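Structure record follows, encoded as C-alpha cells.
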Amino acid sequence: MKPAAYLCNMLQAEDDLQSRWWKLEEKMLQRFGKKPDLEGILFLIGIQELGDIREKFTKEQKQDLMHVAVCTVLTSSGYYLREGHDDDGWPHFRQLKAVPALPLPEQEAFLKDHVLLYFQQSGLFD
C-alpha cells in the first residue's frame with residue numbers, strides 16, 4: 001500500500017472512532033445530564049461491573065474502579081480474563097498478554113475503541 005493510501009485509511013479510521021465516541025458522549029449526556037471524559041466513562045464502567053452504587057467511594061476505590069473498567073474493556077481482545085470476585089464482591093482479572101506500549105494519543109484511542117466495543121457488546125446504549 002502506498003504511504004498516501006495508508007495515511008488516508010488511518011485518518012478515516014480516526015474519524016470513525018471520533019464519530020462513534022461523540023455518539024457515546026451524546027448518549028451519556030442524555031442519560032446523566034453531563035458529558036463525561038474518558039476517565040469518567042471508565043469510572044462508570046467500573047461501577048457497572050462492580051454492581052455496587054454508593055454515595056461515595058474512597059480515592060483508592062475510585063482507582064480500583066478504573067482498573068476494573070480497563071481490565072473489563074480489554075477482556076474482549078484477550079488481554080485480561082475475569083477470574084472471579086473477592087469476598088467484598090470486587091472483580092479480579094488475570095493478565096493474559098501485554099497491553100501494547102503506545103504513545104499517549106494512540107493509547108487513548110486504543111482505550112476508546114475498547115470502551116465503544118464494551119458498550120456495543122453490552123447493549124447498554126442501543
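Structure above, values below:
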{"read-out": "Within segment 92-119, tally of residues that are surrounded by 15 or more Cβ atoms within 10 Å (Cβ to Cβ), farther than 13 Å from Y79 by Cα, of a type outside the set (G, A, S) and in contact with a Leu (Cβ under 8 Å, 6 or more places away or on another chain)", "value": "5"}
{"read-out": "Odd one out for F57 among (1) in contact with a Ser or Thr (Cβ under 9 Å, 6 or more places away or on another chain); (2) assigned to a loop (DSSP other than H, G, I, E, B); (3) of a type in the set (F, W, Y)", "value": "(1)"}
{"read-out": "Conditions (1) out of contact with any strand residue (DSSP E or B) (no Cβ under 9 Å at 6 or more places or on another chain); (2) at pLDDT 90 or above; number of the one not met by A4", "value": "(2)"}
{"read-out": "Some residue of segment 60-74 being within 15 Å of the chain's Cα centre (by Cα), exposed (fewer than 15 other Cβ atoms within 10 Å of the Cβ) and not in a helix (DSSP H, G or I)", "value": "no"}
{"read-out": "E55 vs. criteria exposed (fewer than 15 other Cβ atoms within 10 Å of the Cβ), of a type in the set (D, E, K, R) and touching a residue at least 60 places away in the same chain (Cβ under 8 Å)", "value": "no"}
{"read-out": "Qualifying residue in segment 75-83 (condition: under 22 Å from L124 (Cα atoms), surrounded by fewer than 16 Cβ atoms within 10 Å (Cβ to Cβ), touching a Pro at 6+ places or on another chain (Cβ under 9 Å) and without any contact (Cβ under 8 Å) to a residue 60 or more places away in the chain)", "value": "yes"}
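The values are calculated or read from the model by the stated rules, or taken from the named source; none is laboratory data. In this text, all values refer to a predicted model and were calculated from it rather than measured experimentally. Don't worry about glycine lacking a Cβ; one is built from the backbone with ideal geometry, like all the others, and counts go over all protein chains shown.
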